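Written below as structure tokens is the structure these notes are about.
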Amino acid sequence: MSKLAKAGRTILELLKECGDMTVKQLAEKLEMTTMGVRQHLQQLEQEGELVSYDEKAPRGRPTRFWQLTPAAQRHFEDRHEELTVQLLISVKQVFGEEGLDKLIAQREADSIALYQARILPLNTIKARLDKLAELRSQEGYMASVEQNEQGYLLLENHCPICAAATACMGFCRSELSIFQSLFQDLAAVTRTEHIIEGARRCVYQVIPL
């Protein structure tokens, strides 16, 4: 992979994880000059991966931000999404809604068993969240944890099962249920942003009880 291709890939990943960014912000993250970053941005724009927009600043010129285009999302999608959706449709056709529910319930049980073994031995909300984010990142969710006034946020900047979740919302309901079980008696967990509903990422608010 060429140097330009590597830098372009890193820019796409930063915008996916952090949201819209300016040239200066990208330059700081990449440890490059703003001129060098602009060259990569221009190429990515020509290739249809990025678009820019201007936002009014309190003083001086408007600030230009860069964001991913819908076409750029292909770099993060599950390669087997079409097959997955077809299989879900087949399960529903052959076994009905009950069969699909059983499939989701089994996946939920398997995930709970895995997460509980790694997470429940940890005693604090923060320790559990950090471990959950680690496990989710290993699964491709690009997860991280932030603290806010209410408690903590679990951020998931990518959904590797997005196609499946779009075809069957039961997967999303199942994941929220899994998270809630991991913090039972410690914290309340709610989903405040949802990729399936058009948000850039999925966000879970974790409020200590």
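Here are the numbers for the structure shown:
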{"read-out": "Residue count for segment 109-149, restricted to those that are surrounded by 14 or more Cβ atoms within 10 Å (Cβ to Cβ) and among the polar types (S, T, N, Q)", "value": "3"}
{"read-out": "Whichever residue in segment 150-172 is open to solvent by 20 Å² or more (accessible area, probe 1.4 Å) and assigned to a helix (DSSP H, G or I) and, among such residues, is modelled with the highest pLDDT", "value": "Cys162"}
{"read-out": "Filtered residues of segment 15-27 (kept if part of a helix (DSSP H, G or I) and either farther than 25 Å from Ala133 by Cα or open to solvent by less than 30 Å² (accessible area, probe 1.4 Å) (or both))", "value": "Leu15, Lys16, Val23, Lys24, Leu26, Ala27"}
{"read-out": "Residue check, Ser90 at pLDDT below 90, surrounded by 13 or more Cβ atoms within 10 Å (Cβ to Cβ) and either out of contact with any His (no Cβ under 7 Å at 6 or more places or on another chain) or assigned to a helix (DSSP H, G or I) (or both)", "value": "no"}
{"read-out": "Condition broken by Ala187, with the remaining ones in (1) touching a strand residue (DSSP E or B) at 6+ places or on another chain (Cβ under 6 Å); (2) farther than 16 Å from Asp130 by Cβ satisfied", "value": "(2)"}
{"read-out": "Subset of segment 65-74 [closer than 20 Å to Val37 by Cα and surrounded by 14 or more Cβ atoms within 10 Å (Cβ to Cβ)]", "value": "Phe65, Trp66, Gln67, Leu68, Ala72"}
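Each row is one residue, and each column tells you yes or no for (1) within 18 Å of the chain's Cα centre (by Cα); (2) at pLDDT 90 or above; (3) open to solvent by 90 Å² or more (accessible area, probe 1.4 Å).
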site	(1), (2), (3)
Asp54	no, yes, no
Ala57	no, no, no
Thr63	no, yes, no
Asp78	yes, no, no
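The values are calculated or read from the model by the stated rules, or taken from the named source; none is laboratory data. What you are looking at is a predicted structure, and each value in this text was computed from that prediction instead of being measured. No Cβ is skipped: glycine too gets one built from the backbone with ideal geometry, and neighbour counts run over all protein chains shown. The accessibility values were calculated without ligands, DNA or RNA, using every heavy atom of the protein model including side chains. Shrake-Rupley method; radii C 1.70, N 1.55, O 1.52, S 1.80 Å.
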